[in-house]
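Enquirer: Sharing a structure with you now.
The values are calculated or read from the model by the stated rules, or taken from the named source; none is laboratory data. Keep in mind that this is a model prediction, so the values were computed, not measured. Cβ sites come from the backbone with ideal geometry, for glycine too, and all protein chains shown count toward neighbours.
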Amino acid sequence: MPHFNTLISVTELQTLLASGQPCMVFDCSSDLMQPANGLAQYLDSHIAGALHADLNQVLSAPHGATDAASGGRHPLPARSHFAAWLGSIGFDNTMQAVVYDRQGANYCGRLWWMLKWLGHAHVAVLDGGLQAWQAGAAALESGAGSTRTPSQFQLGAPLVTLVDVGTVQKNLGSPQQHILDARATPRFRGEVEPIDPVAGHIPGALNRPFASNLGSDGRFKPAATLRAEFDALLGARAASAVVHHCGSGVSAVPNLLAMEIAGLPGSALFAGSWSEWCSDPARPVAQG
C-alpha cells in the first residue's frame, strides 16, 4: 500500500483500512469559542475506530507550561510530551496517520503539522473531512473510542520548520521572510477582533483566509488551481521564505498544507501567531 503525506480521499482511506496496513485515524473536531463542543461532536459521531485529539487538551500545552514549544493562545506542547501521548494511545512510527475534522480542515491540520514536526512523514488530511466520509456512506460510530495497547513513539528530526516570535520580529521587513496571515480579512484589517486584545496584523503581512483553499464541495482545490492562486499572491517571493500564521497557530496550517499540495514546499509556521505577537505592546501593529 502507498503512504499518504498530504491528502487522502474517502475511497483511499476505505481501501487503506481494509488492507490491514498499520493505520490510526484521528478526529480533531473542535470549536474555538466553545472548546467542549469538539469532544461532544466526536462522541456524537465519528469514523469507526477513530480517536479524538482535542485541540486544548492534547494538541496544545497547558497555559503557563514552562516547556511549551511556542507562545500564544494555543502553545505547542514539548515534542517529548506529545510523543509520550502518541505512545500512550498506541501510535507508533510504523503507522499511517489520517486526520480529519468537520470544520473545513481548520483543526486537523494542527495534528498533521505536529506529526511532521515530530519526524513522522506518513500523515494525511482526509479530503472533505467527516462530511465527505458521510457522503460516501462509510461507517460511523458514536461514543468513546476503544482503548489501544500502549506503544512507543520515537522522536525523529523535524520535517517542518517552526519559527518563534523573536525570529519573526528580527526579520520583519526582510526579503528573507514573507508573512502569510490565514485569518478572515476583517480580522486581518483590524476591523473586528473577537478574541485577541489588539486588532490588526503584523506589518507587511499578506492575507489569505484559510477557507480560500477549499472548493464548494469542502475539498481542497486542485493542485494546479492552488498553485495559480499562490503564485498570484506571492509573486516573486520564494515559498521557502513564507512564514504562516493566524490567531493562535491552528488555522494557518491549511495554507501551509495547500502550498505543499501546490508543489510549493518548505514554508514555515509561526505557531505563536497573532495572539503572541500582540501580547507585547512594543511590537508594531498595522491595520487596513
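Enquirer: For segment 209-238, which positions are among the small types (Gly, Ala, Ser) and within 21 Å of the chain's Cα centre (by Cα)? Before you say what the answer is, go through the steps one by one.
Expert: Within segment 209-238, the subset among the small types (Gly, Ala, Ser) is 211-212, 215-216, 218, 223-224, 228, 232, 235-236, 238.
The answer is 211, 212, 215, 216, 218, 223.
Enquirer: Residue check: is residue 31 of a type in the set (Asp, Glu), buried (at least 23 other Cβ atoms within 10 Å of the Cβ) and under 28 Å from residue 247 (Cβ atoms)? Write out each step before concluding.
Expert: Working: of a type in the set (Asp, Glu): yes; buried (at least 23 other Cβ atoms within 10 Å of the Cβ): no; under 28 Å from residue 247 (Cβ atoms): yes.
No, not satisfied.
Enquirer: Also: Select from segment 193-233 the residues that are modelled with pLDDT of 95 or more and surrounded by fewer than 13 Cβ atoms within 10 Å (Cβ to Cβ) and list them in ascending order.
Expert: Correct list: 215, 216, 217, 222, 224, 232.
Enquirer: Test residue 139 against the criterion of being farther than 22 Å from residue 234 by Cβ and more than 15 Å from the chain's Cα centre (by Cα), and give yes or no.
Expert: In short, yes.
Enquirer: Being crowded, with 20+ Cβ neighbours inside 10 Å, modelled with pLDDT of 95 or more, outside the structural domain of residue 211 (by TED's automatic domain parsing) and among the basic types (Lys, Arg) is the requirement here; does residue 102 meet it?
Expert: Criteria met by residue 102.
Enquirer: Give just the number: which of (1) closer than 26 Å to residue 266 by Cβ; (2) surrounded by 15 or more Cβ atoms within 10 Å (Cβ to Cβ) does residue 151 not satisfy?
Expert: Every condition holds for residue 151 apart from (1).
Enquirer: Which one of these is at positive phi, of a type in the set (A, V, I, L, M) and either touching a Pro at 6+ places or on another chain (Cβ under 9 Å) or in a helix (DSSP H, G or I) (or both): 84, 61, 132, 105?
Expert: Only one candidate passes the filter, namely 105.
Enquirer: Can you tell me how many residues within segment 235-288 are among the acidic types (Asp, Glu) and either buried (at least 24 other Cβ atoms within 10 Å of the Cβ) or within 17 Å of residue 205 (Cα to Cα) (or both)?
Expert: Total satisfying the criteria: 1.
Enquirer: Listed residues 136, 119, 87; which is touching a Leu at 6+ places or on another chain (Cβ under 7 Å) and either of a type in the set (Gly, Ala, Ser) or more than 18 Å from residue 255 (Cα to Cα) (or both)?
Expert: Checking each option against the conditions leaves just 119.
Enquirer: So which residues in segment 206-232 are more than 23 Å from residue 31 (Cβ to Cβ), out of contact with any strand residue (DSSP E or B) (no Cβ under 6 Å at 6 or more places or on another chain), not basic (Lys, Arg) and not in a loop (DSSP other than H, G, I, E, B)?
Expert: Scanning segment 206-232 gives 223, 224, 225, 226, 228, 229, 230, 231, 232.
Enquirer: May I pose another question? Can you pull out every residue in segment 243-262 that is touching a Leu at 6+ places or on another chain (Cβ under 9 Å) and either farther than 21 Å from residue 185 by Cα or at pLDDT below 95 (or both)?
Expert: 261, 262 - these are the residues of segment 243-262 that are touching a Leu at 6+ places or on another chain (Cβ under 9 Å) and either farther than 21 Å from residue 185 by Cα or at pLDDT below 95 (or both).
Enquirer: For segment 60-67, state whether one or more residues are modelled with pLDDT of 95 or more and within 17 Å of the chain's Cα centre (by Cα).
Expert: yes
Enquirer: Does segment 176-196 contain at least one residue that is under 24 Å from residue 31 (Cα atoms) and assigned to a strand (DSSP E or B)?
Expert: Yes.
Enquirer: Pull up segment 23-41, narrow it to residues that are touching a residue at least 40 places away in the same chain (Cβ under 8 Å) and assigned to a helix (DSSP H, G or I), then point me to the one that is nearest to the chain's Cα centre (by Cα).
Expert: 38
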